[in-house]
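The structure under discussion appears below in the form of structure tokens.
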Amino acid sequence: MSEADPAVGIRCRSFAKINYYLDVLRRREDGFHQLETVFQTVSLCDELVCRASDAGVSLRVEGRAALSAGEDNLVMRAARALQRTTGTTAGAELSLAKSIPVAAGMAGGSGNAAAALRGLNRLWGLELSEGELETLAGELGSDVPYCLHGGLTAGTGRGEVLETLGEAATQWLVLAHPDVAVSTAEIFGHPALVKSGAELLGDGRSERFSEVIDACVAGRVDEGLFNALESAALVAYPVIAECKDALSAAGCSAVLMSGSGPTVFGMCASELEAREVASRIEGFRTTVVHTVDVGVELEELE
Ligand code: C5P
């Protein structure tokens, strides 16, 4: 079967992301914030199964995830955006199984939207180009364009202007999940948020970001670990600081909150070390993961 032929069904896996670095430079006139960030996808993933249907588009959310399956779900919004752009009248039965915690700073919902864009583009034989998918992704959310691609990537603008930093060596990490749901908008709007106001140089990056990128490209991803959103999130949710302390006490040398939180990650030297660290943590749910080089993986179903 060629990519242009419509398929019967597609299984799409979308991977969670962390941020090794995230600086908030300033608030923009459109209300979004100017960022400098380094993204990385990790092996924790959700699964979206898309099956052809002649009864419109429907979505089912499996398991106990407290998540709407209505038109506000990013998967439905992605499907509607594809229908609007291409005029297709094709339908799909969509089934979403969540493993990535919701509202956790890991772009789970954005990844689901990216999976729907790639999966339905294939299922419906739409043949939208990468550029067209990226444009739709940017309209759905700041992290969705990154989630289409994954891997070690620098993000600027509101997070949607991307530059891949090449293939990174596999890194093992422990994710720890404080049991609170955090609204990204709340953290960006919090009065305690510290914005750097960093100046951009001729290449469109701050001096510090260029240094961080050089370190990442050289394989030293832990050198610049920083997240400006901690300034607000740790004030709003002190449990996040407790979670960071728990990961440090369990043996992680480098620990940081991901995105707008509350997920915290700790870097580990090996899978064995990561499993030992996770086994020492009490009071927080943990997931042992490794880095991956993709954002979405598709598999055709018979
Ligand atoms: O783009 P997305 O829908 O994920 O953003 C959610 C909210 O997070 C925005 O409405 C905005 O309040 C905030 N945000 C921001 N600056 C960014 C990204 C997100 O202020 N670069």
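Among 272, 162, 123, which one moves the most in a GNM of the chain with springs linking Cα atoms closer than 10 Å? With Cα springs under 10 Å in the chain, the top fluctuation among 272, 162, 123 is at 272. Checking the a/c ratio against 1.5 first, then a/b against b/c, what shape does the Cα gyration tensor give for segment 127-175? Note, shape of segment 127-175 comes out prolate.
As a proxy for reagent exposure, ranking 263, 170 by other Cβ atoms within 10 Å from fewest up yields 170, 263. The calculated Kirkwood hydrodynamic radius for segment 159-302 is 16.9 Å, given to one decimal from all distinct C-alpha pairs.
Can you tell me the order of 103-112, 48-57, 185-194 when each peptide is scored by its average per-residue count of other Cβ atoms within 10 angstrom, highest first?
Working: 103-112: 26.7, 48-57: 17.1, 185-194: 14.3.
Going by the mean number of other Cβ atoms within 10 Å, highest first, we get 103-112, 48-57, 185-194.
Compared with the rule-of-thumb size 2.2 N^0.38 Å for a compact globular protein, segment 88-231 has a Cα radius of gyration ratio of 1.20.
When the chain is treated as a GNM with alpha-carbon contacts under 10 Å, the residue of 29, 132, 282 showing the greatest mean-square fluctuation is 29. Per residue, the chain reaches -8500 deg cm²/dmol at 222 nm when only DSSP H runs of four or more residues are counted, each adding -39500 (n - 2.57). Picking from 87, 119, 219, which is most flexible by a Gaussian network model of the chain using Cα springs under 10 Å? In the Gaussian network model the winner is 87.
Here, segment 36-153 yields an orientationally averaged convex hull projection of 7.1 nm² when only Cα atoms define the hull. Once the convex hull of all Cα atoms in segment 166-226 is built, its volume per residue stands at 146 Å³. By the compact-protein rule of thumb, 2.2 N^0.38 Å, the alpha-carbon radius of gyration of segment 1-104 corresponds to a ratio of 1.32.
So, by mean Cβ neighbours within 10 angstrom, what's the order for 203-215, 139-151 with the highest one leading?
On the way: 203-215: 16.2, 139-151: 23.6.
Listed from highest to lowest mean packing, they are 139-151, 203-215.
Given Cα pairs under 8 Å that are at least 6 residues apart, what percent is the relative contact order of segment 9-110? So the answer I get is 32 percent.
What ratio of Cα Rg to 2.2 N^0.38 Å holds for the chain? Can you show the working numbers first?
Numbers: Rg = 19.1 Å, N = 302, 2.2 N^0.38 = 19.3 Å.
Output field value: 0.99.
Rounded, prolate or oblate for segment 86-159? Axes are the square roots of the Cα gyration tensor eigenvalues, ordered a ≥ b ≥ c, and the cut-off for rounded is a/c under 1.5.
Working: a/c = 2.28, a/b = 1.29, b/c = 1.77.
It comes out oblate by the Cα gyration axes.
Let me check against my output: what whole-number percent is the relative contact order of the chain, with C-alpha pairs under 8 Å and at least 6 apart?
27
A short reminder: the numbers here are calculations on the coordinates, not readings from a lab. Predicted, not measured: the structure shown is a model, and the values here were computed from it. Cβ sites come from the backbone with ideal geometry, for glycine too, and all protein chains shown count toward neighbours.
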